1. I'd like the carbon and sulfur percentage of the solvent accessible area for the chain, probe radius 1.4 Å, heavy atoms only, ligands and nucleic acids excluded.
2. Which of the following values of Kirkwood radius over Cα pairs in Å was calculated from the structure shown: (1) 12.0; (2) 13.4; (3) 11.6?
3. When ligands, DNA and RNA are left out and all protein chains stay put, how many square angstrom of accessible area per residue does the chain have with a 1.4 Å probe?
4. Per DSSP H run of at least 4 residues, take -39500 (n - 2.57); add these up for the chain, divide by its residues and hand me the 222 nm value, nearest 500 deg cm²/dmol.
5. Gap in Å between the Cα centre of the stretch 29-65 and the Cα centre of the stretch 8-28?
6. Give me the net charge for the shell around MET10: Cβ to Cβ below 11 angstrom, other residues only, Lys and Arg +1, Asp and Glu -1.
7. Can you tell me the order of 14-25, 45-56 when each peptide is scored by its average per-residue count of other Cβ atoms within 10 angstrom, highest first?
8. Run the dipole for the chain about the Cα centre, Lys and Arg Cβ at +1, Asp and Glu Cβ at -1, nothing else charged, and hand back the magnitude in debye, nearest 20.
Amino acid sequence: MKKKIYIEGMTCEHCVKHVKEALGEVAGVISTEVNLAEKYAFIETDTEVQDEEIKNAIEEIDYSVTRIENL
């Protein structure tokens, strides 16, 4: 399963690193790709991951999720 997560608050490569680490810690996430310029992240999972889990992981590090799309 793949998801695209739109994230507000990222301003630099340090932010990208934090987002990648936070998403990587969510159970079931097997890959993460973050696009700073477009303010989104792609994740791939090997199990179903609830949007709320993803949102919580991002908000715990002080960024905002504006939308999550299933791809």
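1. Heavy-atom surface of the chain belonging to carbon and sulfur, 1.4 Å probe: 43 percent.
2. This structure yields the entry labelled (3).
3. In whole numbers, the chain has 61 Å² accessible per residue.
4. Rounded to the nearest 500, the figure is -9000 deg cm²/dmol.
5. First find each Cα centre; the distance between them is then 7 Å.
6. -1
7. Ranked from most to least packed, the peptides come out as 14-25, 45-56.
8. 240
The values are calculated or read from the model by the stated rules, or taken from the named source; none is laboratory data. Remember, it's a predicted structure, so these values are computed and weren't measured experimentally. Virtual Cβ from ideal backbone geometry, glycine too; neighbours counted across all protein chains shown. Ligands, DNA and RNA are stripped out before the accessible areas are found, and what is left, the full protein with its side chains, is counted by its heavy atoms. Shrake-Rupley method; radii C 1.70, N 1.55, O 1.52, S 1.80 Å.
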